[in-house]
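Working notes, structure below.
Since every read-out is calculated from the coordinates, none of them should be taken as a lab result. Everything numeric in this text was worked out from a predicted model, so none of it was measured. Positions of Cβ are generated from backbone atoms using ideal geometry, with glycine treated the same way; all protein chains shown enter the neighbour counts.
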Amino acid sequence: MSRDHGRTPARATGFVGSCLIAVGGLGAGALPVGIPFFAGLKHVGIGLVAVYGGLALLLSAWWWLGRLSRAGDLRAIWWTLALWAAPLLIAPPMFSRDVYSYLAQGLMLGQGLDVYRAGPSALGGFFAEQVPAIWQHTPSPYGPVFLLLSHLVTAPIGGHLLTGVIVMRLLAVAGLALLAYVLPTLAGEAGVRPDKALWLAVLNPLVLIHFVGGAHNDALMVGLLAAGLAAAIRRHPIVATLLVVAAALIKAPAALGLLAVAVIWAARLDGRFSRLRATAAVGATAAAATALVTQIAGTGYGWVAALDTPISPQNLSVTSVLGRWTARLLREDGVGELFVLSLWRWLGVLAILIVAGLVWTHLDRLGPLYGLGVVLIAVVAFGPALRPWYLIWGLVPLAAAAGHRWVRRALAATCAVLALVVLPDGFAVDAGEFLLATLGALAGGAAFLGVRLAAAPAAARLVTVRAAR
């Protein structure tokens, strides 16, 4: 099939898939409670079939487009990103209810409540009702930059929940747009084709459904982190440090990017102890910026203690699963579950430190971007909490720096699987919902095969005509 003509049906297939996801979200998404209009739309069965049919189409179109991409095709990828993201912009919140927590925390800050000591239950009222029961008493795990943004969003909207959701989603889209803009710079530095990096880290359905559909603040974090790394590559180390600090004051794992900035800076310094001098300069700049931002936000330093915010008891991280399994085995021996869970989490920290040590040992061969990506993946894999969209933290630097085809294929396959594991309402799946989701995915897969078969003869006729000329 001609690459130029093959991309049109691939883009159209992805757009239809995105539309189905958005329409299905009206029936099965993370709809606000207490609003009669949305209660009347709710129809989980039809919604699940539509969402998973759309996911199957979107994933298939993404794979198809990846096979057709060409070097220098950045503008086409950006237009495709806009086309696929557009339906999700007007969909209800999907795959998570975190956006309601963001709004509740912004309102709490506006009312003088300490979000690092109390959960949304302290706020009460309509906005707090949108937050799942499991997080009602949980302090905020986010840094002062994001809380300040949440406050700025909620201050003018009053009781308009939907306006708040829209603005939060626009903030996430701004993070995604920033990522799409700076990623080619990172890829070019690492010798990776920019279009391949954008395909894997920006056009990715896992990114679209959670950064746009879910309006997660991870989008801003990742966008600022990537912008900071790009600034370091462009020889602006102070700006780079400030951008990475801003990312880390949204979510803490981005702070690992400061080490990458220091390594990039050191490579451009002359004389002995270049890494030590660069690290000291980055550390001093980061500390000053952190103190200033925390003072402006007025949150105090409660965010440091909030890094230990409790996680869901049914969290599916490796350490949590192994901890619960071990606790059940040792229950008859009188060993407490809390002790076993804590032990496994510390073992997870040890595993992360081992990976970081190995990366540091081989940093000259791996490079700062690849090394950062590997460590962030280790943080996700061995950390105490796991959500599908956390993989994107490490996906971005790896998409820009990983030249090995098997690494990129493994990342793409993992993203495809993780895009399917969270229900559009953000809650756990039961047997009936699983069957409906499977039915929708099979229908979407069948529709994609039909599109491929229909497109193939048209492409063959085009090749024949060109050959005749």
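Once you list every other residue whose beta carbon is under 13 Å from the beta carbon of Pro253, what net charge do they have if Lys and Arg are +1 and Asp and Glu are -1? Charge balance near Pro253 sits at +1.
The residues Val407, Val131, when put in order of fewest to most other Cβ atoms within 10 Å, stand as Val407, Val131. A simple spin-label model places the labels of Ala12 and Gln295 6.0 nm from each other, with each point 7 Å out along Cα-to-Cβ.
Put a dot 7 Å past the Cα of His404, heading toward its Cβ, do the same for Leu442, and the two dots end up 3.7 nm apart.
Over the residues of the chain, the helix contribution to mean residue ellipticity at 222 nm works out to -23000 deg cm²/dmol, using -39500 (n - 2.57) for each DSSP H run of at least 4. For Gly214, the residues whose modelled amide H falls within less than 5 Å of its own, excluding neighbours fewer than 5 places apart on the same chain, are Met94. In the range 188-270, the convex hull through the Cα atoms has an average projected area of 5.7 nm², a quarter of its surface area. Ranked by how many other Cβ atoms sit within 10 Å of their own Cβ, fewest first, the residues Glu189, Glu337 fall in the order Glu337, Glu189. One decimal place: the segment His137-Ile46 gains 29.4 nm when fully extended, by the rule 0.36 nm per residue minus the C-alpha distance.
Positive contributions from Lys and Arg (+1) and negative ones from Asp and Glu (-1), summed over other residues with Cβ under 14 Å from the Cβ of Ser150, come out at +1. Where in the chain are the DSSP H helices whose C-alpha atoms run 30 Å or more along the long axis and whose mean Kyte hydropathy is at least -0.5? Span-like helices here: 3-28, 44-68, 161-190, 274-297, 337-361, 431-468.
Full extension of the chain segment joining Leu435 with Ala284 gains 48.9 nm, where the gain is 0.36 nm per residue of separation less the Cα-Cα distance. Count Lys and Arg as plus one, Asp and Glu as minus one, and take only other residues whose Cβ is under 15 Å from that of Ala267; the net charge is then +4. Put in order of Cβ neighbour count within 10 Å, fewest first, the listed residues Phe38, Phe339 become Phe339, Phe38. Stretched out straight at 0.36 nm per residue, the stretch from Ala413 to Ala305 would grow longer than its current Cα-Cα span by 35.3 nm.
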